[in-house]
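Chemist: Dumping the structure here so I can ask a few things about it.
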Protein chains: 2
Amino acid sequence: MGRIITIGREFGSGGREIGTRLAEALKIAYYDSEIVTKIAQKTDLAEEYVHQILERSPVTFLPITIGQTFYPMSDPQLEQSNSVYYEQHNIIREMAEKSDCVIVGRCADYILRDKHPLRVFVYASSEFKFKRCREKAPEGESMSDRELRRHIKAVDRERAQYYQFITGQKWGNPLNYDVCINTTESPIKEIVAGLVKMCE
Amino acid sequence: MGRIITIGREFGSGGREIGTRLAEALKIAYYDSEIVTKIAQKTDLAEEYVHQILERSPVTFLPITIGQTFYPMSDPQLEQSNSVYYEQHNIIREMAEKSDCVIVGRCADYILRDKHPLRVFVYASSEFKFKRCREKAPEGESMSDRELRRHIKAVDRERAQYYQFITGQKWGNPLNYDVCINTTESPIKEIVAGLVKMCE
């Protein structure tokens, strides 16, 4: 069966690993940072800057209303953010139309909702995520335990705000997903094998 | 791999069907109402009464403290409830020790936590549960739409209270389960095939 799979994930839960392994097992495309690269190409913005926009929900400026006419405040930063969201939306839809694929993050579950993707959310206990982040940290990583715990929470808070901003829904709310997977005690190999079967 | 699977489920979500199909596919025992029958036999109470106790969290009576000594108020109903919980605990542990099995409801995920079962929670949208209840209703069922919607909510509220009473945890909180399955859009056949793979 042809299938599009979207994966939302808490930071450090192993969602990206599940995504890559799943795409490999199903022999379909996998998209994650490729989306940022493509947006950067289309908007002429630096990848790092696009990434920042996509990880943080912007402070929106409400238009000033005079009579029945709207005069939105001109704000270059907001305009850039909007063009990034616009390109992201188009690129994700193009990718999903081209072939079956796994897309990690980026509100793809919502952007592709009319295509009924298998919507997966990956999460884990705080302790598991902390340990996994330590194990996967690049060499020379110097965060203290306290800093790392704060960092994990901050990334998830930003993801939640961004998801809420784009979709108007609560990030991680089970009703927005078809399957929610807790990686705390289940080996990723078994999880992927199960998800493959659900897609066949 | 030998496995115990526990299934928590919202009323009308199809959790019981997933449980029976999963046990059949894995060729392992399935326990649900058998537990009530066994408790009734051991406690000399009517099955219907045991069922009532297990679906409702009791109003607990706090012991009266005089100085440093506790004098619990004697209450035959509370004593009966306690013996039902006690027997349920023992029966579930006996079942899990005898062979691999699927156990639906009854806080089995918590009672068997030291055995690391695959803890599944099955849920669905209110509309899906309403439709499924209508489809599966016994002939002559006469609840109005409003009554049925209220009934579904009431059963889930009782399950949540009972789970909280026995485990001290929030029913349906994803962190208490390994896999949460939304049956709203996914066919039960595919879900079961996926869960079978996760247990192999």
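Chemist: Keeping to segment A:111-139, report how many residues are crowded, with 18+ Cβ neighbours inside 10 Å and hydroxyl-bearing (Ser, Thr, Tyr).
Modeler: 1
Matching residues to (1) more than 30 Å from residue B:187 (Cβ to Cβ); (2) small (Gly, Ala, Ser); (3) crowded, with 19+ Cβ neighbours inside 10 Å; (4) modelled with pLDDT under 95:
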residue	(1), (2), (3), (4)
A:5	no, no, yes, no
A:38	yes, no, yes, yes
A:62	yes, no, no, yes
A:76	yes, no, no, yes
A:90	yes, no, no, yes
A:95	no, no, yes, yes
A:107	no, no, yes, yes
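Chemist: I need the full set of residues from segment B:99-114 which are farther than 30 Å from residue A:173 by Cβ and in contact (Cβ under 8 Å) with a residue 24 or more places away in the chain, in order please.
Modeler: Residues satisfying the conditions are B:99, B:100, B:101.
Chemist: Scan segment A:125-169 for residues that are out of contact with any Phe, Trp or Tyr (no Cβ under 8 Å at 6 or more places or on another chain), within 14 Å of chain B (Cβ to nearest Cβ) and assigned to a loop (DSSP other than H, G, I, E, B) and report the count.
Modeler: Residues that pass the stated criteria total 1.
Chemist: Does segment B:176-188 include one or more residues that are at the interface with another protein chain (Cβ under 7 Å from one of its Cβ atoms), in contact with a Gly (Cβ under 9 Å, 6 or more places away or on another chain), modelled with pLDDT of 95 or more and in a helix (DSSP H, G or I)?
Modeler: no
Chemist: Taking residue A:195 as the residue in question, decide whether it is in a helix (DSSP H, G or I), within 14 Å of chain B (Cβ to nearest Cβ) and surrounded by 17 or more Cβ atoms within 10 Å (Cβ to Cβ).
Modeler: Taking the combined requirement at face value, the residue satisfies it.
Chemist: How many residues, within segment A:151-170, are of a type in the set (A, V, I, L, M) and touching a helix residue (DSSP H, G or I) at 6+ places or on another chain (Cβ under 8 Å)?
Modeler: Qualifying residue count for the region: 3.
Chemist: If the Cβ limit is 7 Å and pairs must be 6+ apart or interchain, which residue in segment A:171-200 that is without any contact (Cβ under 8 Å) to a residue 24 or more places away in the chain pairs with which residue that is in a loop (DSSP other than H, G, I, E, B)?
Modeler: A:175/B:125; A:185/B:116; A:185/B:178; A:186/B:178
The values are calculated or read from the model by the stated rules, or taken from the named source; none is laboratory data. Note that the structure is a prediction, hence the values are computed from the model and not measured. In this analysis, Cβ positions are derived from the backbone assuming ideal geometry, glycine residues included, and neighbour counts consider all displayed protein chains.
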